[in-house]
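Beneath this line is the structure, given in structure tokens, with notes to follow.
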Amino acid sequence: MTATEPRRRAKHEQRRGVRRRILVVDRITAAFALLGPGRAERRPRIWVAAVLGGAVMTGLALLRLFVPVPVGMADAGDGFRLLCSVGLANERPFTADAMSAVYPLWSPADWHAAACPGSDVWSLSPYYGVAALARLLGGGVLDLRILGALLAVALGLLTVALIRYLPGAVPFRLVVAALLGAVLLDGVFADFLISADLDGAVLLAVLAGFIALLILWGGWADRVTTLDVPPRGVAASALGVLLAAAALATSPALLAFLPGFVAALVVLPWLRDAEQRRGRETGRALRGDRGRELARTLAHRVPSLTAAVALLAVGAAQAGDALDRVRSDAVYSVVFGTLLPTSPDPEADLGWFGLPEGALQASGRSITDPQAGAVLADPAFAAIGIDDLIRFRITHPERIVAVSDRGLAAIAQPAQQSRGSTMLPVGDGEPVQDPRWTPVAGSSPLLLAVPLLVPGLQFAGMLVALSLAFARTHPLRSRSLGFATVFAMLAGWLHFWAVAPGDQRVLSEAMLPSTLLFWMGLPLLFACAAVRLAGPGEKSSIRAPEAKNALIAAITRPDARPSP
């Protein structure tokens, strides 16, 4: 061996190490390129991936709910009020506790008015349609397991729409849909699919609302013009509007999505026009150009404005019906379920609302308690409205911090510990939660231990989504993910402040839509960051309509060069 041999071997090993590290970096880069947003692919491949993804999601949801044994969520009383109003009664032993386990069968029954308190759900809610189909398949008996299977199929169909209308390449869409599915299949949310409560339908309506935002902000409705025969983009636009209307009709909690729906239908045409003006040659405007521009503008505005008015009508009907149905319940739960039990001076609070001191005995009691009956019959209580609750919060700002703390704690710890998820009572009859796939519930210690982690993550997600939404270098189709995420997070905040002052005893259940939107925001944060950092990947599909004949071309192309 020569004297230079060890040095030669050391250099050779060093070069091998460098090549190995370069190979690792190349493989990581290739993986990110595969899973990154990339460019939009051909439509047939996207549809195939969407259908396969929806089928897989349906299968996973059914496995999650039924293997090895069915699991769901026990009834805390809301399910009874919901189903007795349609003439159904739960089949369970007379001495059994409805909150200890899931009793899935609801059979026809005749209720007297006093025995059935009635439902707080709008009669046009899609929940009743799905429940009627499950009852038909069950031979007149509502089996919650059939209802859960139908909702699992609905989750798969929503996944098809999600994958189809996300921006980017197919692998990127599948990754985002898989992350959102992992959140929805957590026991905190999925157990409600087999439940008499409305919450299972509400959680699916949250996903439907986000998909509607994605479609409407993607410009599909803006492609519909009254000058095209047949008009284009009708199927996608109709799907977005129908999903938005179904979400609004499901529950008053989904009214928080209404600003995003209306903004997409009203504001997006102006964003498209601004994009076209930036890419249009400037020149002298001729006299006929202004008329053509006005005709083209009206042609684009009429369909979207009509859809916006229709959604506003659905929202107004839901809000008006909800105020009539839940005014007394909402006032009682806020005043006697939250304000008085946590008040430093409950007598002064009673005086502020004009209630007698004897009403203090109902503090902290359920609305079905005998003490509550005397309060509900008091004319002074009947005079309290939602506006009085708002004025009380404004005049007592020092209690906002306590309200927000309770709401954040409900988001951080959403598991329903007092309600069982098994089909039969286990052991001594205490509620038992099934441990299948619970990453959300398992993260509760971390969220509770780190102060302000929940609002911090939401604030970071909002900033990233805003940076994508207003990135002018990106096409509007890519920016639709940013707009949809921004308005989804805004909906979560609106719902949070609408629910947080409510009854603290059921706050974690009432906060479930905000909790779901918070957890959905984490994969959406990743998705928005990936699209924003990837740069302008796909060509914008928001463009002026292509003329089908010379007359339409003359009207819809005011930027055409004038004849000499």
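A few points about this structure:
- Apolar share of the accessible surface for region 489-534: 73 percent from carbon plus sulfur atoms, 1.4 Å probe.
- Amide H contacts of Ala89: Ser107, Ala109, each under 5 Å away and 5 or more positions distant or on a separate chain (H built 1.01 Å from N in the peptide plane; Pro and chain starts excluded).
- Alpha-carbon centroid distance for the pair region 156-177 / region 373-394, whole angstrom: 47
- Per-residue ³J(HN,Hα) for region 525-532, Karplus 6.51 cos²θ - 1.76 cosθ + 1.60, θ = phi - 60°, Hz, x for Gly and Pro: 4, 4, 5, 5, 5, 5, 5, 5
- Accessible-area composition of region 367-452, carbon plus sulfur, in percent [1.4 Å probe]: 67
- FRET E, pair Leu522, Thr473, Förster distance 22 Å, beta-carbon r, rounded to 0.05: 0.30
- Compactness of region 346-398, taken as the C-alpha radius of gyration over 2.2 N^0.38 Å, stands at 1.15.
- Rg and Dmax of region 45-87, based on Cα coordinates, read 16.6, 47 Å.
- Taking all protein chains together and a 1.4 Å probe, the residues Glu509, Glu5 rank Glu5, Glu509 from largest to smallest accessible area.
- Backbone phi angles across region 472-486, fed through the Karplus curve with coefficients 6.51, -1.76 and 1.60 (θ = phi - 60°), yield HN-Hα couplings of 5, 6, 9, x, 4, 5, 6, 5, 4, 5, x, 4, 4, 5, 4 Hz in residue order; Gly and Pro are listed as x.
- Surface listing: Trp111, Trp122 arranged by accessible area from highest to lowest gives Trp111, Trp122, probe 1.4 Å.
- Placed amide H near Gly168: partners under 5 Å, 5+ positions off or other chain: Ala40
- In the complete set of protein chains, residue-level accessible area for Thr342 is approximately 70 Å², probe 1.4 angstrom.
- Accessible area expressed per residue, region 104-176, with surrounding protein chains retained (probe 1.4 Å, Å²): 40
- Paramagnetic label zone (point 7 Å from Cα along Cα-to-C-beta, Phe66; backbone N under 18 Å) in region 173-187: 185
- Surface accessible to a 1.4 Å probe, Arg7 within the full protein complex, Å²: 150
The values are calculated or read from the model by the stated rules, or taken from the named source; none is laboratory data. A quick note: this is a predicted structure, and the numbers were derived from the prediction, not measured. Glycine gets a Cβ as well: all are built from the backbone with ideal geometry, and neighbour counts include every protein chain shown. Surface areas here come from the heavy atoms of the whole protein model, side chains and all, with no ligands, DNA or RNA. Shrake-Rupley method; radii C 1.70, N 1.55, O 1.52, S 1.80 Å.
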